[in-house]
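Below you'll find the structure, written out as structure tokens, and then a few comments.
The values are calculated or read from the model by the stated rules, or taken from the named source; none is laboratory data. Keep in mind that this is a model prediction, so the values were computed, not measured. Methodologically, a virtual Cβ is constructed for each residue, glycine included, from the backbone with ideal geometry; neighbour enumeration extends over all protein chains shown.
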Amino acid sequence: MKLKYNIDDKLPLGEQLLYAAQWFILAIAVVVTSVFVAQGTPAEKLFYAQKLFVVMGVAGLAQVLWGHRMPIIVGPASVLLVGVISSLGAGASTTGIYSSIAIGGVLVSLLTYGGMLRRIQRLFTPRIVVVILMLIALTLSPVIKNLIFSAKPHEGEHMFGLIFTIVGCLVMVVLNRNLKGVAKSLVIPLALVVGSAMYYMLYPMPEMSGTAVSLRGMIIEEFTLDWSLVVAFVICYVALLINDIGSIEALGAMLGVEDMEKRLKRGVRITGAMNVVAGAAGVLGPVDYSMSPGVIASTGCASRYALVPATLLLIVVALFPDAIFLLTNIPNPVIGVILLFLMGTQLAASLEMVRSTASVQSFSDALTVGLPLMMAMLFQLMPRGILPSVIEPLVGNGFAMGVIMVIIMEHIVNRSTQKP
């Protein structure tokens, strides 16, 4: 690929600020769509957002300077978002959830030693990766529904959600297909701004109630070890690991980067370490996002130094509660529609992967894909209280159970003689 700036090129100040502004907007869009998972009072939710911005900023800066050292956007892992939502729905405590996230981060870092990364990669065939991509989208569907159609709506808010869902998604598809260059990468940020403006033309904007807690209280006060939750999140971290590896290797191949094995180890190691930090801080852990190749292809700038000001800005913004309040005060219906669009693109990517890898060539292959998806939805919607409390957070986690089922189907019960 012909690039204006390569991976280690230093940029003129003006252009660095311009490219950094684009990365910053994208990072904001990635982070704010996960803030809704925060629990507690308005002040506690605002503090959660502050911590999330700090963790993502530090993680992105560490990756660019010392980790994989490539221009990859870092944001909250959607697979952990699914895990947190499923675990909360199963009655798990927040301290148990974020303690499990910290444990998962330790395990991810440990896997970078002794050649374990390559062994894990061999376990995940294209069919399993396809199902994991689909599971993330499908198991988020109840959350998307609750965001678009809230339990306590303003008058007419459900109609707004329905119309914005239909019109907004179709407009985003058209823009994503027809825009070129930098403009194409700004579809989601534009949807956030336009959707929020339309919403607040119809409904009052909430006032900031109280101030966020001092950043001195970054660390959660207690560590709770719940083995059922730990198992559930270890399964989530398997998917996170594959996501992280895929994002790093895809961009490395696109840019023709050397020493990919070393870069991969450093990148995954920092991802694990920052997930430990995130768990200790009581927020979602970070992962490398796969949108970066598209941004680089559209701008021609692959310099990792363009991300340095963007990641620093994330950290600086977190110090100002008023700024965080404005950035994160996006209406739930708008977040829901954007998540719907993003999960639609994720399903599209999984179907494209089915085609490009020829991973489904028979009814038996299709059953390996289809049955775990249906079983995952069943576990996700299963009534609570059926099972002992020690295992319910695992069995009630549709994503985790879907991953377990597809591994069993692929490698044991419905093993195919054809290699995808």
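Scanning segment 283-303 for residues that are part of a helix (DSSP H, G or I) and buried (at least 20 other Cβ atoms within 10 Å of the Cβ) returns Ser292, Val295, Ile296, Thr299. Can you tell me which residue within segment 40-74, out of those that are more than 14 Å from Gly267 (Cα to Cα) and not in a helix (DSSP H, G or I), is nearest to the chain's Cα centre (by Cα)? Looking at residues that are more than 14 Å from Gly267 (Cα to Cα) and not in a helix (DSSP H, G or I), I get Gly40. From the list Val334, Val276, pick out the single residue that is β-branched (Val, Ile, Thr), under 24 Å from Glu44 (Cβ atoms) and surrounded by fewer than 21 Cβ atoms within 10 Å (Cβ to Cβ). Of the residues listed, the single one that is β-branched (Val, Ile, Thr), under 24 Å from Glu44 (Cβ atoms) and surrounded by fewer than 21 Cβ atoms within 10 Å (Cβ to Cβ) is Val276. Confirm whether Ser359 is out of contact with any Gly (no Cβ under 7 Å at 6 or more places or on another chain), farther than 21 Å from Gly195 by Cβ and part of a helix (DSSP H, G or I). When the stated conditions are applied, Ser359 does not pass them.
When each of Ala21, Ala29 is tested for being small (Gly, Ala, Ser) and either in contact with a helix residue (DSSP H, G or I) (Cβ under 6 Å, 6 or more places away or on another chain) or under 21 Å from Thr345 (Cβ atoms) (or both), the lone residue that passes is Ala29.
At pLDDT below 85, on the phi > 0 side of the Ramachandran plot and surrounded by fewer than 19 Cβ atoms within 10 Å (Cβ to Cβ), is that true of Gly40? Judged against the criteria, Gly40 is a match. Can you confirm whether segment 370-393 contains a residue that is modelled with pLDDT under 85 and in contact with a Leu (Cβ under 7 Å, 6 or more places away or on another chain)? Yes, some residue in segment 370-393 is modelled with pLDDT under 85 and in contact with a Leu (Cβ under 7 Å, 6 or more places away or on another chain). The set of residues in segment 81-106 that are within 16 Å of Val268 (Cα to Cα) and in contact with a Gly (Cβ under 6 Å, 6 or more places away or on another chain) comprises Ile101, Ala102, Gly105.
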